[in-house]
1. What number of residues in region 65-90 are acidic (Asp, Glu) and open to solvent by less than 80 Å² (accessible area, probe 1.4 Å)?
2. Can you find even one residue in region 94-102 that is surrounded by 15 or more Cβ atoms within 10 Å (Cβ to Cβ), among the hydroxyl-bearing types (Ser, Thr, Tyr) and farther than 20 Å from His172 by Cα?
3. Does Ala139 satisfy the condition of being in a strand (DSSP E or B), small (Gly, Ala, Ser) and under 20 Å from Thr192 (Cβ atoms)?
4. Show the residue pairs meeting these rules: Cβ distance below 6 Å; 6+ apart or different chains; first residue within region 59-75 and aliphatic (A, V, I, L, M); second residue modelled with pLDDT of 95 or more and surrounded by 11 or more Cβ atoms within 10 Å (Cβ to Cβ).
5. Out of region 161-190, which residues are open to solvent by 10 Å² or more (accessible area, probe 1.4 Å) and among the polar types (S, T, N, Q)?
6. Output the residue which, of all residues in region 280-310 that are among the acidic types (Asp, Glu) and in a loop (DSSP other than H, G, I, E, B), is least open to solvent (accessible area, probe 1.4 Å).
7. Does Tyr156 satisfy the condition of being surrounded by fewer than 18 Cβ atoms within 10 Å (Cβ to Cβ) and either touching a Phe, Trp or Tyr at 6+ places or on another chain (Cβ under 6 Å) or of a type in the set (Phe, Trp, Tyr) (or both)?
8. Quick check: anything in region 115-123 open to solvent by 10 Å² or more (accessible area, probe 1.4 Å), free of Cβ contacts under 8 Å to residues at least 40 places away in the same chain and in a strand (DSSP E or B)?
Amino acid sequence: MRLRILALVALCACPPLLARAEGDAPPLPDRNPLRPTKPVAAPAVEEKPVLPGEQPTVPWTEAEIDAAKAKCKELLTGDPLDYEILPPIKEGICGTPAPVLLRAVGTDPKVTINPPATLSCPMADVLGEWLRDTVQPEAKKLFGSTVIKIQNASSYVCRNRYGGGTTPLSEHALANALDVAEFVLANGQRITILDDWPKALEPPPPPEPNPNRAPEDKESVTASKPAPDGKTAKIAKTSAVTPAKAKPAPAPSPPPAAKEPEPDPKAQFVLYLHEEACRRFGTVLGPDANAAHKNHFHLDMKKRRKGFCE
């Protein structure tokens with residue numbers, strides 16, 4: 001009887017032993033409830049910048065629209081501008097309460113803006129003054145012709161500066177800026193910022209070696225070098241042939257007198273327009289500012305303490 005009981009106990013104990021050997025047994029429970037658990041780090045999520053047009057839009061109030069329209073009437077009445085009053089623009093934090101679509105400036109001559117520019121009224125007013133009082137007189141002076149068209153590279157667009165995600169808001173987003181890339185004259189000439197802005201002068205190439213210089217006698221040079229003990233080294237070999245003396249080179253002819261480069265009227269034109277624009281607009285950027293402005297003038301009304309003109 002005792003042997004049977006021992007056999008049954010042995011049979012009952014075998015499965016757990018086999019299970020532990022095979023690794024199927026469940027882990028023992030943690031009996032310490034105060035043991036701190038390791039926090040699981042959440043995967044890093046890169047925050048996407050919120051662009052100006054994606055931010056909450058707060059519509060213009062009637063008071064803001066009425067005040068802006070009254071300012072437009074004050075600025076533009078009597079100006080020879082071909083423009084259309086547009087509905088208020090508001091997308092995100094972009095827009096202006098009283099924009100205009102400016103098609104042309106002046107009447108005789110008439111300067112067409114291609115394509116028409118969406119601008120705030122203060123920007124349209126100052127642009128008209130610059131075209132009438134600066135651009136046209138300089139074109140007549142240098143080319144005997146007038147400007148009949150300017151190329152609009154960009155006016156209103158809801159974006160940050162340089163189209164970045166975290167850069168400050170661009171004045172283009174407030175319809176407060178215009179990019180000008182080209183001027184077309186009545187006589188058919190085209191003046192572009194990309195082609196006609198003065199380029200930086202390249203340094204002259206190094207002078208070529210003198211072909212009339214006498215060759216050096218390497219043995220004589222070697223023999224005249226001081227020995228390590230401070231005494232002059234003895235000549236090991238003496239050339240049996242005495243090299244002929246090189247004929248003296250003829251005296252170089254004097255260089256031609258440098259001529260002053262003839263002024264390029266197109267370069268003069270764009271330089272003068274840039275300089276005078278700095279007197280009217282709050283900010284002026286051109287090819288000397290950075291590569292992003294190599295092909296246009298950026299003009300805007302942003303008021304800065306010291307102005308900004310590059």
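1. 3
2. Pass one, region 94-102, residues surrounded by 15 or more Cβ atoms within 10 Å (Cβ to Cβ): 94-102.
Going one step further and asking which of them are among the hydroxyl-bearing types (Ser, Thr, Tyr), we end up with 96.
So of that shortlist, the ones also farther than 20 Å from His172 by Cα come out as none.
There is no residue in region 94-102 that is surrounded by 15 or more Cβ atoms within 10 Å (Cβ to Cβ), among the hydroxyl-bearing types (Ser, Thr, Tyr) and farther than 20 Å from His172 by Cα.
3. So Ala139 fails the test.
4. Cβ pairs passing all conditions: Ile65/Pro88; Ile65/Pro97; Ala68/Pro97; Ala68/Ala98; Leu75/Cys121; Leu75/Asp125.
5. If the condition is that a residue be open to solvent by 10 Å² or more (accessible area, probe 1.4 Å) and among the polar types (S, T, N, Q), then Thr166, Thr167, Asn176, Asn187, Gln189 are the ones that fit.
6. Filtering region 280-310 for residues among the acidic types (Asp, Glu) gives 288, 300, 310.
Then drop every residue that is not in a loop (DSSP other than H, G, I, E, B), which leaves 288, 310.
Values: Asp288: 113, Glu310: 82 Å².
If we take residues in region 280-310 being among the acidic types (Asp, Glu) and in a loop (DSSP other than H, G, I, E, B), then Glu310 is least open to solvent (accessible area, probe 1.4 Å).
7. Taking the combined requirement at face value, the residue does not satisfy it.
8. yes
The values are calculated or read from the model by the stated rules, or taken from the named source; none is laboratory data. Since the model is a prediction, treat every value here as computed from it, not as a measurement. As a convention, Cβ positions derive from the backbone with ideal geometry for all residues, glycine included, and neighbour counts pool all protein chains shown. Note: areas computed on protein heavy atoms with side chains; ligands, DNA, RNA excluded. Shrake-Rupley method; radii C 1.70, N 1.55, O 1.52, S 1.80 Å.
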